[in-house]
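The values are calculated or read from the model by the stated rules, or taken from the named source; none is laboratory data. Bear in mind the structure is a predicted one, so any value in this text is a computation, not a measurement. Neighbour counts are summed over all protein chains in view; Cβ atoms, including those assigned to glycine, are modelled from backbone coordinates with ideal geometry. We work out accessible area using only protein heavy atoms, side chains counted, and drop any ligands, DNA or RNA first. Shrake-Rupley method; radii C 1.70, N 1.55, O 1.52, S 1.80 Å.
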Amino acid sequence: MNQGGVATTNGGSGSGSVGVRIQQSRSLPDFLQSVNLKYVKLGYHYLISNLLTLCFIPAIAALSIQVSQMNLDDLHQLWLHLQYNLVSIIICSAILVFGLTVYIMTRPRPVYLVDYSCYRPPDHLKAPYGRFLEHSRLTGDFDESSLEFQRKILERSGLGEETYVPKAMHSIPPTPSMAAAREEAEEVMFGALDTLFRNTNVSPKDIGILVVNCSLFNPTPSLSAMIVNKYKLRGNIRSFNLGGMGCSAGVIAVDLAKDLLQVHRNTYAVVVSTENITQNWYFGNNKSMLIPNCLFRVGGSAVLLSNKSNDRRRAKYKLIHVVRTHRGADDKAFRCVYQEQDDAGKTGVSLSKDLMAIAGGALKTNITTLGPLVLPISEQLLFFTTLVVKKLFNASVKPYIPDFKLAFDHFCIHAGGRAVIDELEKNLQLLPIHVEASRMTLHRFGNTSSSSIWYELAYIEAKGRIRNRNRIWQIAFGSGFKCNSAVWQALRNVKPSSNGPWEDCIDKYPVKISS
């Protein structure tokens with residue numbers, strides 16, 4: 001769907017943001033023509049989307065006229081006809097009942113999102129620019145060039161002055177020990193889970209499935225075992241710990257929980273998404289490895305999913321689709337975001353020069369796969385027609401870029417960095433309000449890795465924008481290289497849950513972010 005060159009900035013598993021730029025020549029449009037085309041396109045969309053209904057109207061009208069003209073003799077003859085063909089009717093009825101039974105037994109069970117929570121760190125962990133840079137200087141690990149590089153990244157990142165770093169990074173010198181990393185993980189995960197259980201009135205003993213994802217910190221016992229121990233979860237719980245899967249692992253965790261809920265009946269599943277900064281701070285002078293220090297901040301989320309039919313009444317959303325794109329079979333894609341040691345033996349995440357093209361290809365593949373599942377038929381026909389004309393008749397015809405605003409009401413684009421938000425806004429032709437949640441989440445909380453899409457959804461809820469049957473698109477990028485999407489549908493007008501991350505500051509947003 002894109003043409004020209006594709007470019008990205010830094011991104012992946014613990015490595016900043018991913019941005020995709022599709023280079024196109026854009027000239028100032030003829031506004032009169034643009035307005036006319038807009039209404040023609042809107043009318044075409046309504047016509048094609050309701051084509052089946054429009055075709056049925058004449059058939060229903062003709063049948064109604066025919067039935068209204070029937071008399072008692074006609075009805076008697078119809079009854080005799082049915083009696084003479086009783087065997088055929090019984091066979092057809094049996095086939096119909098059998099088919100309906102098979103359909104009901106094999107159809108996917110609906111997965112409901114009952115509620116979710118996002119961790120809000122305490123104020124003493126805030127890291128304004130001045131304090132961040134001063135602490136970086138006082139560590140003595142960074143040369144002047146690296147300090148200046150970090151200053152420029154912070155200024156251009158889109159982060160505000162109220163993001164959080166873990167307690168170990170506030171010490172001088174920093175104390176990135178295993179004990180401090182465990183403490184950060186416990187505070188984030190338990191903080192989010194305490195709020196979730198309190199808001200939903202669900203007992204931890206009722207949880208049958210637990211999926212935890214954290215890319216860079218994987219102790220023994222695992223993070224999932226830490227949760228089992230803390231909340232004394234039942235002995236037959238099916239727990240999973242996903243590591244090394246980057247910022248898109250939150251969608252992967254939801255997908256795994258969804259598959260497990262198809263097998264295990266009448267069950268709750270909890271998905272915990274976080275990242276751990278304490279032991280993954282880079283103390284070297286390789287500039288590509290310094291970017292995570294500037295962008296990644298403390299955060300985490302906990303999501304309660306259910307396949308219980310009676311939970312539909314209180315659930316916020318229903319899961320519609322999950323689409324996962326993995327480019328790891330390609331060696332360049334596999335190594336484009338790579339955790340390793342620099343020349344001085346200090347560990348960090350390096351970014352390949354091929355990251356730009358690889359991220360763009362993953363995004364293109366994911367959107368191409370998702371499109372037929374969510375786009376109205378009008379958009380699909382336009383895309384298909386343009387593709388046929390381009391392939392068979394005129395190679396110079398520009399590919400048609402589908403209008404995803406016709407498929408989704410709200411967008412939660414991973415707040416990995418300013419570039420990814422800017423480029424997706426431009427190339428998906430989104431409006432500023434569609435990316436407002438992503439920009440404000442990046443500004444207020446920074447890049448919280450796989451949990452950022454939940455802070456964004458919480459922002460939209462806090463603004464009171466989600467209405468019954470609205471569709472939400474969550475999209476995230478991660479190392480490997482991966483691009484994953486989740487589509488949710490609101491089951492009611494959604495209000496924010498108590499103790500949300502935006503509860504005491506939503507009235508201050510949106511804020512203007514300097515360019």
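Counting residues that are without any contact (Cβ under 8 Å) to a residue 24 or more places away in the chain and on the phi < 0 side of the Ramachandran plot, which helices (runs of 4 or more DSSP H) fully inside region 399-493 reach at least 2?
Fully inside region 399-493 and qualifying: 432-445.
Can you tell me which residue in region 165-191 is surrounded by the most Cβ atoms within 10 Å (Cβ to Cβ), limited to those that are of a type in the set (A, V, I, L, M, F, W, C) and under 24 Å from the mean Cα position of the chain (by Cα)?
This residue is 188.
Scan region 386-442 for residues that are under 12 Å from residue 456 (Cα atoms) and either modelled with pLDDT under 85 or aromatic (Phe, Trp, Tyr) (or both) and jot them down.
If the condition is that a residue be under 12 Å from residue 456 (Cα atoms) and either modelled with pLDDT under 85 or aromatic (Phe, Trp, Tyr) (or both), then 411 is the only one that fits.
Read through the list (1) open to solvent by less than 30 Å² (accessible area, probe 1.4 Å); (2) aromatic (Phe, Trp, Tyr); (3) more than 23 Å from residue 454 (Cβ to Cβ), then give the number of the only condition that residue 384 fails.
Single failed check for residue 384: (1).
Taking region 300-324, which residues are open to solvent by 10 Å² or more (accessible area, probe 1.4 Å), under 22 Å from residue 460 (Cα atoms) and in a loop (DSSP other than H, G, I, E, B)?
314
With 162, 148 as the choices, which residue is out of contact with any His (no Cβ under 9 Å at 6 or more places or on another chain) and open to solvent by 30 Å² or more (accessible area, probe 1.4 Å)?
None of the other options fit; the residue is 148.
Could you go through region 192-200 and let me know if any residue there is under 21 Å from residue 476 (Cα atoms) and either modelled with pLDDT of 95 or more or open to solvent by less than 20 Å² (accessible area, probe 1.4 Å) (or both).
yes
Of the conditions (1) open to solvent by 50 Å² or more (accessible area, probe 1.4 Å); (2) of a type outside the set (Gly, Ala, Ser); (3) modelled with pLDDT of 90 or more, residue 95 satisfies every one except a single condition; which number is it?
For residue 95, the exception is condition (3).
Quickly run through region 229-238 and pick out the residues that are at negative phi and either open to solvent by 50 Å² or more (accessible area, probe 1.4 Å) or in a helix (DSSP H, G or I) (or both).
229, 230, 231, 234, 235, 236, 238, listed by residue number.
Being open to solvent by 30 Å² or more (accessible area, probe 1.4 Å) and either among the polar types (S, T, N, Q) or in contact with a Pro (Cβ under 9 Å, 6 or more places away or on another chain) (or both) is the filter here; which residues of region 465-496 pass it?
If the condition is that a residue be open to solvent by 30 Å² or more (accessible area, probe 1.4 Å) and either among the polar types (S, T, N, Q) or in contact with a Pro (Cβ under 9 Å, 6 or more places away or on another chain) (or both), then 468, 493 are the ones that fit.
List the number of the failed condition for residue 181; all other conditions in (1) under 19 Å from residue 298 (Cα atoms); (2) out of contact with any Phe, Trp or Tyr (no Cβ under 9 Å at 6 or more places or on another chain); (3) part of a helix (DSSP H, G or I) hold.
For residue 181, the exception is condition (2).
Return the residue satisfying two criteria in turn: it lies in region 315-338 and is small (Gly, Ala, Ser) and in contact (Cβ under 8 Å) with a residue 40 or more places away in the chain, and of such residues it is farthest from residue 196 (Cα to Cα).
333
Checking the conditions here, which among 288, 248 is closer than 21 Å to residue 480 by Cα, open to solvent by 10 Å² or more (accessible area, probe 1.4 Å), of a type in the set (Gly, Ala, Ser) and assigned to a helix (DSSP H, G or I)?
Only one candidate qualifies: 288.
Do we find a residue being in contact with a Phe, Trp or Tyr (Cβ under 9 Å, 6 or more places away or on another chain), part of a loop (DSSP other than H, G, I, E, B) and of a type outside the set (Asp, Glu) anywhere in region 256-273?
Among the residues of region 256-273, not one is in contact with a Phe, Trp or Tyr (Cβ under 9 Å, 6 or more places away or on another chain), part of a loop (DSSP other than H, G, I, E, B) and of a type outside the set (Asp, Glu), which makes the answer no.
Residue 276 - would you say it is at positive phi and part of a loop (DSSP other than H, G, I, E, B)?
Answer is no for this residue.
Take residue 311 and decide whether it is over 26 Å from residue 454 (Cβ atoms) and over 21 Å from the mean Cα position of the chain (by Cα).
No, not satisfied.
Please give the number of the condition residue 504 fails out of (1) open to solvent by 20 Å² or more (accessible area, probe 1.4 Å); (2) on the phi > 0 side of the Ramachandran plot; (3) not hydroxyl-bearing (Ser, Thr, Tyr).
Looking at each condition in turn, residue 504 falls short on (2).
What residue, of 102, 111, is more than 30 Å from residue 472 (Cβ to Cβ) and open to solvent by less than 70 Å² (accessible area, probe 1.4 Å)?
102
Could you count how many residues in region 201-228 are open to solvent by less than 30 Å² (accessible area, probe 1.4 Å) and closer than 20 Å to residue 280 by Cβ?
9
Among the candidates 327, 297, single out the residue that is surrounded by fewer than 23 Cβ atoms within 10 Å (Cβ to Cβ) and on the phi < 0 side of the Ramachandran plot.
So the residue among 327, 297 that is surrounded by fewer than 23 Cβ atoms within 10 Å (Cβ to Cβ) and on the phi < 0 side of the Ramachandran plot is 327.
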